[in-house]
1. Taking R0 as 25 Å, what FRET efficiency do you get between Thr611 and Arg218 from their Cβ-Cβ distance, rounded to the nearest 0.05?
2. Can you work out the Karplus-derived ³J(HN,Hα) for every residue in the stretch 176-185? Use 6.51 cos²θ - 1.76 cosθ + 1.60 with θ = phi - 60°, whole Hz, and x for glycine or proline.
3. Residue by residue through the stretch 22-34, what is 3J(HN,Hα) from phi via Karplus (6.51 cos²θ - 1.76 cosθ + 1.60, θ = phi - 60°)? Round to whole Hz and write x for glycine and proline.
4. Between His353 and Arg284, what is 0.36 nm times their sequence separation minus the Cα-Cα distance? Round to one decimal in nm.
5. Show me 50-58, 247-255 ranked by packing, highest mean number of other Cβ atoms within 10 Å first.
6. Determine, from the Cβ-Cβ distance of Thr12 and Ala177 and an R0 of 56 Å, the FRET efficiency 1/(1 + (r/R0)^6), rounded to the nearest 0.05.
7. Can you list residues whose amide H is under 5 Å from Gly368's amide H, if they're 5+ apart or on another chain and H is modeled 1.01 Å from N?
8. Loop only by DSSP, 16 or fewer other Cβ within 10 Å of the Cβ. Give me the trypsin sites (Lys or Arg not before Pro) in the stretch 404-454 that pass, ordered by residue number.
Amino acid sequence: MSPRALVAAWTTRLALVGAVCALLVGIGAGGVAHLVSRWLGATETAAVLTALVVGLIGATWEGWRLTGGRLTPVRVSLWLEERAPGLEFALVSAVERGDAPAALLDRIAAVDVNSTGWRAVHRALWWPLALALAGVFAMALGARLEALPGAVARMARESAAPGDPLATIRGRIEPPAYARLPVEEYADADVLHPLVGSAVVLSGRLPEGMEPATIAARVDSAVLRPARSGDRWAVRLVADTATHVVRLAHATTSRLVVIEPRRDSLPVVTIEQPARDTILREPRGTFALRARATDDIGLASAAIEYIISSGDGERFTFRSGTLGAVRPSSRAVTVTATFDAVAMKLAAGDVVHLRAVARDGKTIDGPGVGSSDTRTIRVARAGEYDSVAVDPAPPAEADKSLLSQRMLINLTEALVRRMRTLGRDDVVAESRRISRDQTRLRKQVSDLVFARLGDDASGEHFHGDGHDHDASEPLKRNLTPEELLAAAEKATGTGQNLVEEGHDETPIVAINKPLLEAYNAMWDAGRELDTGRPRTALPPMYVALAAIQKARAAERLYLRGLPPRVVVDLGKARLAGKERGKSVIRAASRPAEPLRRTAIGRIERALALGTPGAAADSLLIVRLSIVGQLPDAARAMDALIAAVRSGRDASADVEAVRRSLDAGSSRRDAISFWTGPRP
């Protein structure tokens, strides 16, 4: 191997070694940071984030220290020369010169450079590997470590009261077998949240020479008998659906522990296919069925159930079964199946009801069952399509015009969009077809107007309508509403003035004037369409549509004059009733949010107690009284109770409880901060 190839190979190797060292250092630094964070009282999430940040910083620093801009051929050659002194600078000289003489090559070949380099790499990897192992051990220890303030306070309580078996109470929750959950342990238990059916074990240190029988334990009205477990006493109970308070007493000390169980929720099931109900014309075809089920702990079974009802009148038969049944061992599963109408022997008139059902593995009081919405597949009967349902009431004339004008606008807009892909002759032909439809619609509007004005509804009795007229009169296609009304008056021959003088909003004008505006706009649109210009025909078509909508809104009843005002003579009507009535003493209304204000006062009095144990037990009683109505405030009190019992500063926890209790209240009551036991 030439000197340059040898140096290039070792450059790559050293870069990989630097990356491995950086990774190992990052793991070690992150594990130590996690341990320190947990020791100082940080939550598990905060400790993990701290470990990630510190690990990333450590890995970056180590990678830059080893390889950052220093892996040049000369530096790698000098690194090898330093580890193999027998080279006598032959390797670096050969790399710098490029054309090494035979003497340098012989010197390089006489030294085993690779073996020397690998021994140096192995020595360099020892300390990062040891640091990484220490970091993994520290992270595992930090996951189970109690916070430093709580541990110090616990040791202080135990040393201050060596003969008190209630100084610290450990909690152990053993979930039921079906849940497949790990055992949970708590160093100092105040409130436990076991799953229903779990075994709860409370234990404490048993001083030398003391018997467990000296400790009194009660759950509500039941008596528990503590037993010896090594050098500790222990009581065992099974969590049911109710919340219980365990009262422990020994000599002059007492302790409360709240058992607040959580229920196993029902499975949540959603049917995804078919997405909606379906009607089959013939009893054949297949359907893909798919459903999804989830559970908070684990699913035991899931399937798609069907019920087929057949018959009519008073005779029905039912068939049922399941499709795609699975027995998962996870918290989520997707059930798939295929429904074949022929295989199920469906007939005309049959109805298939489909739903997805899932069961969890709960064995305490039977499995929890969750179901999805029901989908229906119906097969049409033989004579169902023999008749057509028709609405017996025809739409109003203005409504028919409105729908037709919208249709013509849609056709014209579609033609405008396709003009670039059509020839001129095709555009003109299509535009004239739309123009013929516009002409028919315009004549329908004119028939409606003249029928209302008393004419024979034959339509368009004026110049330009195709009838014979006096040649001395000029021909006009576009008429103003007033001119068209005048023409209509002349055509009807009634001799009445349809537009009343000085009144522009009479019933005749209000109803017919918008239709006449639509009529004129349709004339303009028809001319543009006849000449093959659909783009310029759209504006008058929009005007016609707006006028038709205005005509629909104008068909209202207008009263002549104003209705009379109803005047009540209060002096005459007052006290004129025959019933004597009864006086009612008004009771004072209760203040808003009484439970919140009562809880604030009780917490204030509990925090004023000088003994941490008594204050924590009083706060537990307050928590039990509000957990049903104020669950958020009760959850916030858990941290406050733990802080008070451990004797540390609980200012932040008190502030959190205050915010929870002040939510929705108009008045703010102050709660003093707990700063530890009073001297």
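The values are calculated or read from the model by the stated rules, or taken from the named source; none is laboratory data. For clarity, every value in this text was computed on a predicted model and none was experimentally measured. Glycine gets a Cβ as well: all are built from the backbone with ideal geometry, and neighbour counts include every protein chain shown. To get the accessible areas, we keep the full protein, side chains included, count just its heavy atoms, and leave off ligands, DNA and RNA. Shrake-Rupley method; radii C 1.70, N 1.55, O 1.52, S 1.80 Å.
1. 0.70
2. These are the phi-based 3J(HN,Hα) values: x, 4, 5, 6, 6, 9, x, 6, 9, 10 Hz.
3. Rounded to whole hertz, the list is 4, 5, 5, 5, x, 5, x, 5, x, x, 5, 4, 4.
4. Extra length from His353 to Arg284 when fully extended: 23.2 nm.
5. Peptide ranking by packing, descending: 50-58, 247-255.
6. Efficiency computed from Cβ-Cβ geometry: 0.55.
7. Under 5 Å from the amide H of Gly368: Asp360, Lys362.
8. Sites meeting the loop and neighbour criteria: Arg418.
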